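Taking it in order: structure first as structure tokens, then the write-up.
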């Protein structure tokens with residue numbers, strides 16, 4: 001029995017010290033493809049950092065992110081939670097009817113109010129007193145359709161919209177909830193599918209008095225699309241297929257990015273990013289503070305300004321036929337105080353288009 005205890009202790013010590021040594025010796029990884037985030041790096045040791053306690057906090061983050069076989073351990077934990085302990089979700093990630101999502105519950109009234117306040121500030125600073133026509137539309141996240149199917153908690157979407165409409169009472173609300181369904185979203189990602197958005201685009205265009213053409217060709221991206229929930233779930237999940245819309249009108253549009261403050265040619269579809277870590281970023285090159293889409297063949301001189309999040313990247317091409325110019329603004333990457341340097345608000349249509357995922361966590365400005 002004594003030798004058995006000694007052997008057990010030695011084996012445990014070997015595992016503990018072996019993993020510790022491996023963690024310290026292996027080259028740190030900069031990025032996790034599975035989680036789509038940068039990983040913590042080894043902090044610089046200094047007396048100031050050590051005495052303040054920051055060094056140990058940062059070193060703990062580093063050791064957790066750089067732990068050997070970390071992804072394997074995550075998969076083992078997720079599999080045990082799902083298949084052994086029969087948990088309905090793992091850190092908020094759940095599956096229902098073949099669709100994966102992350103719970104967005106409950107509604108955070110304070111953050112929704114702050115989102116509304118920030119958008120109202122934009123109106124009062126730039127739009128009040130102009131001849132712009134101002135609209136508001138809210139994009140429901142996937143949980144609106146998916147969570148009730150599995151008995152998961154669902155936030156009060158009607159209350160969220162009502163609170164936001166009160167804050168933005170200067171705008172005309174356009175309801176697109178009825179133009180969407182569960183099938184409008186990717187199975188493995190939070191975003192909506194571009195090829196399903198014709199109804200949404202038509203509803204928005206009709207409300208804003210724009211005439212659009214929806215004559216597109218559907219193209220298939222020939223690589224699997226592993227959405228954000230594939231990595232977050234830490235389980236083996238069948239990927240999506242990503243489709244995108246093409247046509248002569250879109251080919252002739254001119255896309256310009258002002259991400260650096262200076263105009264630079266950009267893409268309606270960035271095919272380099274289509275084959276990168278997040279294929280959804282192919283739509284208008286992903287995260288961009290400000291860009292424009294100019295339609296040289298437009299039958300109108302109408303212009304549209306869209307304050308948006310990432311959902312707007314795949315929708316904007318469907319509206320391009322109805323406007324001479326569309327300007328897309330992402331306040332998560334552009335301070336609102338700088339808007340006047342790029343846009344003269346005069347007679348444009350202005351659309352505040354945000355997903356509940358962003359509204360419930362505060363629009364940045």
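Does residue 313 satisfy being buried (at least 18 other Cβ atoms within 10 Å of the Cβ), touching a strand residue (DSSP E or B) at 6+ places or on another chain (Cβ under 9 Å) and assigned to a loop (DSSP other than H, G, I, E, B)? No; evaluated as a whole, the condition is false for this residue. Apart from one condition, residue 232 fits all of (1) surrounded by 15 or more Cβ atoms within 10 Å (Cβ to Cβ); (2) over 28 Å from residue 90 (Cβ atoms); the exception is (2). The residues listed here are 353, 331; of these, the one that is assigned by TED's automatic domain parsing to the domain that holds residue 306, in a strand (DSSP E or B) and surrounded by 15 or more Cβ atoms within 10 Å (Cβ to Cβ) is 353.
Considering 206, 215, the condition of being without any contact (Cβ under 8 Å) to a residue 12 or more places away in the chain, over 27 Å from residue 88 (Cβ atoms) and either more than 23 Å from the chain's Cα centre (by Cα) or crowded, with 16+ Cβ neighbours inside 10 Å (or both) is satisfied by 206 alone. The condition of being part of a helix (DSSP H, G or I), in the same structural domain as residue 327 (by TED's automatic domain parsing) and in contact with a helix residue (DSSP H, G or I) (Cβ under 7 Å, 6 or more places away or on another chain) holds for only one of 286, 199, 231, that being 199. Can you confirm whether residue 130 is in contact (Cβ under 8 Å) with a residue 60 or more places away in the chain and surrounded by fewer than 17 Cβ atoms within 10 Å (Cβ to Cβ)? Considered against the rule, which asks whether it is in contact (Cβ under 8 Å) with a residue 60 or more places away in the chain and surrounded by fewer than 17 Cβ atoms within 10 Å (Cβ to Cβ), residue 130 comes out as yes. Restricting 256, 260 to residues that are surrounded by fewer than 19 Cβ atoms within 10 Å (Cβ to Cβ), under 22 Å from the mean Cα position of the chain (by Cα) and not in a loop (DSSP other than H, G, I, E, B) narrows the list to 256.
Could you grab me the full set of residues in the stretch 334-347 that are buried (at least 19 other Cβ atoms within 10 Å of the Cβ) and touching a helix residue (DSSP H, G or I) at 6+ places or on another chain (Cβ under 9 Å)? Passing the criteria: 339, 345. The set of residues in the stretch 316-326 that are in a strand (DSSP E or B) and either at pLDDT below 95 or buried (at least 23 other Cβ atoms within 10 Å of the Cβ) (or both) contains only 326.
Looking across the stretch 156-167 at every residue that is touching a residue at least 40 places away in the same chain (Cβ under 8 Å) and under 23 Å from the mean Cα position of the chain (by Cα), the one that is nearest to residue 352 (Cα to Cα) is identified as 164.
What about residue 310, is it assigned by TED's automatic domain parsing to the domain that holds residue 143, within 13 Å of the chain's Cα centre (by Cα) and modelled with pLDDT under 95? No.
The values are calculated or read from the model by the stated rules, or taken from the named source; none is laboratory data. Quick caveat, the model's predicted, so the values are computed rather than measured. No Cβ is skipped: glycine too gets one built from the backbone with ideal geometry, and neighbour counts run over all protein chains shown.
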